[in-house]
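Down below is the structure, laid out as structure tokens.
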Amino acid sequence: MKIIVLGAGLIGCPMAEDLVAEPGFEVAVADINETALEKISSSLSISKIKRDLSDPDDVKKLVADYDMVVNAVPGFMGYRTFEAIIRAGKNVVDIAFFPEDPFQLDGLAKDRDVVAIMDCGVAPGMSNILIGHVDHLLDETERCEIYVGGLPELREWPYEYKAVFSPLDVIEEYTRPARYVENGVLVTRTALSDPEYMDFPEVGTLEAFNSDGLRTLARTIDAPNMKEKTLRYPGHIEKMGVLRETGFFSKEPVKIGGSEIRPIDFTARLLFPMWELKEGDVDITVMKVIVEGKKDARNVRYVYSLFDRYDKETGVHSMARVTGYTATVAARMIAAGLYDRAGVSPPEYVGKSPGCVDFMIDGLKNHGVVYEEKIEMLKLNKSGL
């Protein structure tokens, strides 16, 4: 099987290197950045293609010779790239996390008989798969909560933060309104709002804030209460709030010295050197997924916990591991014929197939990414609830 990875960033490269280890896979990776492509080990039989992926027509032509595509371009390019891949009639696993409505492409994917799994990273991604799985098991789902964050192990002033994603994609977490489901009603809150502290045994106290991470879950899972929060070291909320409210994240151009620039582009340029995860930097990923509901008239709580760390042996960052390997295991799942639903599939659809969930969890465990499951029977209160 011929597979091409679009994007050779800190996640794209490890995905290509992982896929080429699979017997029977012929792997290529494409990116406009030649320096990024050169970071792929020359000892691996991976085809490196220097190509501008910003033109959907060029993308469609590029993927024509491949059986499957893994889309790892930045979010602002994600939707049109995803569409181009579907128009080419190729099965695709996507981690671009674009803001547009993916279901607009569902009909096109079905017409082309394309299996298109979107948002197939860690969160969204495995968080959705686990929620979809538990929702399938329960008679009634009542509450879903996701807490997730990627952090540097070494806390360095002033931001105590590093990222494998594009700075523009990270900034989206601080500006895009957060959608929640409360008492059966879809509500919208400002990003960075409703702060709370949470303790994790491996890392200590973190702060959680509203972010727009529910995405498709808000319309695919029938639960009256759902929320997603991002985790950072304490103090991060205030710093990002000051930058946002001052206008540093604005996309409206301002005139400076006769030139017009978008403040967000200026800010991203300044932040990137400080936020960039460099070779050897140790990062960690923390996630907790909580799902509560009823099964056989009993209240049940499922809790999935993840703690992952930079792999010194392979040199792969934790966020690349938990995001990228989710996508590569999903690609193997499609290649094996275990998931063949034509159309656009958010990850929670995968979660409704127990065989696929086992495949994903076992595949990630083989990569050292381990999700711990805890099931609790909850006591009824005096009202019987």
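None of the figures in this text is laboratory data; all of them are computed from the coordinates on show. Predicted model, so just to flag it, every value in this text is computed and none were measured. All Cβ positions, glycine included, derive from the backbone under ideal geometry; neighbour counts span all protein chains shown.
According to the Kirkwood expression over distinct Cα-Cα pairs, how big is the hydrodynamic radius of the stretch 211-255, in Å? Present the calculation step by step, with values, prior to reporting the outcome.
On the way: mean 1/r = 0.0745 Å⁻¹.
For the stretch 211-255, inverting the mean 1/r across all distinct Cα pairs yields 13.4 Å.
Listing Arg332, Arg298 from fewest to most neighbouring C-beta atoms within 10 Å gives Arg298, Arg332. The distance linking the stretch 1-77 with the stretch 311-366 is 18 Å (Cα centroid to Cα centroid, whole angstrom). Expressed to the nearest 5 percent, the antiparallel share of DSSP beta bridges inside the chain is 60 percent. For the chain, relative contact order (Cα pairs under 8 Å, six or more residues apart, normalised by length) works out to 19 percent.
Over the stretch 7-49, the hull volume per residue, using the convex hull of the C-alpha atoms, is 55 Å³. For the stretch 126-309, averaging the sequence separation of C-alpha pairs within contact (under 8 Å, six or more residues apart) and dividing by the residue count gives a relative contact order of 31 percent.
Given the pairs Lys229/Lys288; Lys162/Lys278; Lys2/Lys312; Lys60/Lys110, which are separated by over 21 angstrom at their Cα positions? Check vs 21 Å cut-off fails for Lys2/Lys312.
For the stretch 121-154, the list of GluC sites (Glu not before Pro) that fall in a loop by DSSP and count at most 16 other C-beta atoms within 10 angstrom reads Glu153.
Using +1 on the beta carbon of Lys and Arg, -1 on that of Asp and Glu, and nothing else charged, what's the dipole of the chain about the Cα centre, debye to 20? Don't jump to the answer; show the numbers that get you there.
Values: 45 positive and 62 negative charges, 78 e Å.
Here the chain has a charge dipole of around 380 debye.
For the stretch 255-323, the Cα gyration tensor yields ellipsoid semi-axes of 40, 23, 7 Å (square root of five times each eigenvalue, largest first, whole Å). Protection proxy ranking for 312-320, 240-248, 14-22, 54-62, using the average of other Cβ atoms within 10 Å per residue and placing the highest first: 14-22, 312-320, 54-62, 240-248. For the stretch 18-74, the normalised intensity computed at q = 0.23, 0.27 Å⁻¹ comes to -1.05, -1.32 (log10 of I(q)/I(0), Debye sum over alpha carbons, equal scatterers, no solvent). Candidate values [x] 148; [y] 140; [z] 182 were compared with volume of the Cα convex hull per residue in Å³ computed on the shown model; the agreeing label is [x].
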